[in-house]
Amino acid sequence: MLARNDDAVLDAGPRRAPGSERLCIVTREVKPISEMLRFVIGPERDAVPDLKRRLPGRGVWVTATRAAVAEAVKRRAFGRAFKAEVRVTPDLPDEVERLLERSALDALSIVHKAGRAVLGFARVERALASEPVVALLHPADAGREGVRKLAAAARSRLGEKAHDLPVVDRFTAPQLDLAFGRPSVVHAALLAGSTSDGFLARYRNLERFRAIGPGGQGC
């Protein structure tokens, strides 16, 4: 575990072993890197989010929530952590959210290309009856009747376990259309597989960023 001093805030770049922990420059808590966001200093001396944790140079870490990133901006924590002049724009939390959203939608496109996405109400309904469905997707403005019917179909197949079936409904219809490469996607299901797991992990990261406070409490 990292020591809780100023030097511990900095890492040695992407060559550090995976699965370790880092110190949040806001909460001063040591957490697994899966719950953190890494930032490096870019060519323009700005704080650059490194979602894949691969960018070269020394990085600092912030708890992966909008509130924590906003607090880091407010406190000017990046400059103190890097011990250098760093340009940080007020819209950094929005930039991070856009990057997380783009990452999730890119992963959704990969699910579709891998043949693990089922599109259309009738096909999703059939998949719920016989396929290993691991998530349902609807655009944010989807008609409630179709959503209700598919939820009922999931309960009929899974019983109480249907409550554990993830429902992704925070993307817009145009975003889903672009991810799936076809228009008017209203209902979709993801089938079990590594690509679906990858998308769900990124989607959970996005939702956690949006919904959790700087110290890990729900907002």
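The values are calculated or read from the model by the stated rules, or taken from the named source; none is laboratory data. Everything numeric here is computed off the predicted structure, so don't read it as measured data. So basically every Cβ, Gly included, is an ideal-geometry build from the backbone, and we count neighbours across all protein chains shown. Accessible surface areas use protein heavy atoms only, side chains included; no ligands, DNA or RNA. Shrake-Rupley method; radii C 1.70, N 1.55, O 1.52, S 1.80 Å.
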Checklist entry - Among the residues of the range 163-196, which ones are open to solvent by 30 Å² or more (accessible area, probe 1.4 Å) and closer than 16 Å to Glu207 by Cβ? => result Asp164, Pro166, Val167, Asp169, Arg170, Thr172, Gln175
Next on the checklist: For the structure I just gave you, tell me whether Ser103 is within 18 Å of Glu207 (Cα to Cα), among the hydroxyl-bearing types (Ser, Thr, Tyr) and open to solvent by 10 Å² or more (accessible area, probe 1.4 Å).
Outcome noted: yes
Checklist outcome for this item: Checked pairs for the range 38-64, first of a type in the set (Ser, Thr, Tyr), second open to solvent by less than 20 Å² (accessible area, probe 1.4 Å), C-beta under 8 Å and 6 or more apart or across chains, list as Thr63/Cys24; Thr63/Val26; Thr63/Met36; Thr63/Leu37
Checklist entry - If you check every pair at least six apart or on different chains, which have Cβ atoms under 6 Å apart with a residue in the range 186-206 that is among the charged types (D, E, K, R) first and a residue that is part of a helix (DSSP H, G or I) second? => result Arg202/Ser103; Arg202/Ala104; Arg202/Ala107
Checklist entry - Could you say whether any residue in the range 103-120 is in contact with a Leu (Cβ under 6 Å, 6 or more places away or on another chain) and of a type in the set (D, E, K, R)? => result yes
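Yes or no, residue by residue, for (1) farther than 26 Å from Ala211 by Cβ; (2) loosely packed, with under 15 Cβ neighbours inside 10 Å; (3) modelled with pLDDT of 95 or more:
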site	(1), (2), (3)
Met36	no, no, yes
Pro43	yes, yes, no
Ala47	no, no, yes
Arg53	no, no, no
Thr63	no, no, yes
Glu71	no, no, yes
Lys74	no, yes, yes
Ala84	yes, yes, no
Leu92	no, no, yes
Next on the checklist: So Arg98 ticks every box in (1) free of Cβ contacts under 8 Å to residues at least 40 places away in the same chain; (2) over 16 Å from Arg202 (Cβ atoms) but one. Which box is left unticked?
Outcome noted: (2)
